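Trainee: Supplied in structure tokens, the structure appears directly below.
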Amino acid sequence: MEPIEIIRIINFTLAALFVICYAYQFVYLAIPFLKKDKPHRPAVLHRYAVLISARNEQNVIGHLLDSINAQDYPKNLVTVFVVADNCTDDTARVAREHGAVVYERFNRVKVGKGYALNELLGHIEQDYGRVFDAFMVFDADNLLEPNYITEMNRTFSDGYEIITSYRNSKNYADNWVSSGYALWFLREAAFLNHSRHLLKTSCAVSGTGFLFSRRILEQRGGWNFYLLTEDIEFTIANVIAGERIGYCKDAVFYDEQPTTFRQSCRQRMRWARGYVQVFQAYGLKLLTGIPKRNGFACFDMAMAIMPAIVLTVVGIATNAAAAVLGFLAGQNVLIALWSATQFLVNSYLLMLFVGAVTTASEWKNIRATTAQKILYTFTFPLFMLTYIPISFAALFKRVEWKPIEHSVSVSLADMNRRAS
């Protein structure tokens, strides 16, 4: 068989596999317009521990703590804990000045948010006992709307013991990189997790802004999630265990997105490698869980962490190999180049559609000018396409956890004034 014919067969097969794996996510786009959220049950007041792992975050952590202190939830039911993780600045001092209970950690061997959270939870257990009903996790660059804990408590009172929330961004309008991140997270909240919640399947925890109960902590034996994407690992472990992760659309928080492409590459390479790690550790259990009671959730999570990377890398590698073979055989390789171009154009148009739907749906929540919202809808597919070389490199390059520098030092009041 000629190399060009091989290219056609491979690309048709990959396209079919993409449709099989991800067609259901287009159904997700319609669900929030077709189904309504059920009313909450009567809320019961619970006692919460807020967990913050911070490394050299003196510039931003004060604003997060101010937004927590300004919550409309009873203050005597919320205790804020900060683990200052290998800090060389004044993070610990700033956190204490804003009322947090601070533990300082210095460990250059066990590096990463997972280790820091587990150590923090150990301190809380030793010093406070089992007094907290649930735990909320934030990053130091986050900001919370004043009703955040109240809304999370309402969903917790509905019976959900793991809950994620609506993730917005402080710096959407900075450039095409920050807006690319921000639009993806808005899509994840509005058209993945919200749809999953409405369909009564499991949502996915993403980085920060989530809650888990004491029972979940004890059933998992502590916070024993240390892979490069500990949030995804936590999600998958609980889905496999039969837990259903809920979503609270009215609990809104903001975080800061990277603005430089170099920093973005480093972070997304860690994510891509982390997905591979999670699939290696849990993939078989996910796949064998598909025929069981929570089978769709297992299928959904399996699709979320692996096929896109694998299919994309296989497509690029096989097209490149076929083109080289065709060239060596003296054949016309323009068909291979046309195939690659067609793949990129189709991918761009697909991501443009997803970005446009998300931008239109979340228009009022995006903190940017009209011109920026329109412009960054068109640059969003370019941002997503850069995942292709990043994911490819992540399969072969040594990747380690490194902190992301946060510099957008603004309060919630500052953000609201700028948006008005």
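Trainee: Only residues that are touching a strand residue (DSSP E or B) at 6+ places or on another chain (Cβ under 6 Å) and open to solvent by less than 30 Å² (accessible area, probe 1.4 Å): list them for segment 138-155, please.
Mentor: Within segment 138-155, PHE138, ALA140, ASP141, ASN142, LEU143, LEU144, TYR148, GLU151, MET152, THR155 meet the criteria.
Trainee: In addition: What is the one condition in (1) more than 23 Å from ALA251 (Cα to Cα); (2) in a loop (DSSP other than H, G, I, E, B); (3) among the acidic types (Asp, Glu); (4) open to solvent by 40 Å² or more (accessible area, probe 1.4 Å) that GLU57 does not satisfy?
Mentor: (4)
Trainee: Does THR13 satisfy being hydroxyl-bearing (Ser, Thr, Tyr) and either within 27 Å of the chain's Cα centre (by Cα) or not in a loop (DSSP other than H, G, I, E, B) (or both)?
Mentor: yes
Trainee: Restrict the check to segment 222-239 and report whether at least one residue is farther than 20 Å from LEU375 by Cα, aromatic (Phe, Trp, Tyr), without any contact (Cβ under 8 Å) to a residue 40 or more places away in the chain and assigned to a helix (DSSP H, G or I). Talk me through it step by step, then tell me what you get.
Mentor: Here is the first cut: in segment 222-239, the residues farther than 20 Å from LEU375 by Cα are 222-239.
Remaining after also requiring aromatic (Phe, Trp, Tyr): 223, 225-226, 234.
With without any contact (Cβ under 8 Å) to a residue 40 or more places away in the chain added as a condition, the list becomes 234.
Among the residues that remain, those that are also assigned to a helix (DSSP H, G or I) are: 234.
Yes: one or more hits.
Trainee: Determine which single condition ASP85 fails, assuming it passes every other condition in (1) in contact with a helix residue (DSSP H, G or I) (Cβ under 6 Å, 6 or more places away or on another chain); (2) under 21 Å from ASP133 (Cβ atoms); (3) open to solvent by less than 80 Å² (accessible area, probe 1.4 Å).
Mentor: The one condition ASP85 does not meet is (2).
Trainee: Are any of the residues in segment 185-198 without any contact (Cβ under 8 Å) to a residue 40 or more places away in the chain, open to solvent by 10 Å² or more (accessible area, probe 1.4 Å) and part of a loop (DSSP other than H, G, I, E, B)?
Mentor: no
Trainee: Moving to a separate point now. List the number of the failed condition for THR235; all other conditions in (1) of a type outside the set (Phe, Trp, Tyr); (2) surrounded by fewer than 22 Cβ atoms within 10 Å (Cβ to Cβ); (3) modelled with pLDDT of 95 or more hold.
Mentor: Of (1) of a type outside the set (Phe, Trp, Tyr); (2) surrounded by fewer than 22 Cβ atoms within 10 Å (Cβ to Cβ); (3) modelled with pLDDT of 95 or more, only one is false for THR235: (2).
Trainee: Let me ask something additional. Within segment 386-412, track down each residue that is closer than 22 Å to GLU362 by Cβ and of a type outside the set (Phe, Trp, Tyr).
Mentor: The initial filter retains those residues of segment 386-412 that are closer than 22 Å to GLU362 by Cβ, namely 387, 408, 410, 412.
Those that are closer than 22 Å to GLU362 by Cβ and of a type outside the set (Phe, Trp, Tyr): VAL408, VAL410, LEU412.
The values are calculated or read from the model by the stated rules, or taken from the named source; none is laboratory data. Because the structure is predicted, anything quoted here is derived from the model rather than measured. Every residue, glycine as well, gets a Cβ built from its backbone with ideal geometry; the counts of neighbours run over all protein chains shown. Remember, those area values only see protein heavy atoms, side chains included, never the ligands or the DNA or RNA. Shrake-Rupley method; radii C 1.70, N 1.55, O 1.52, S 1.80 Å.
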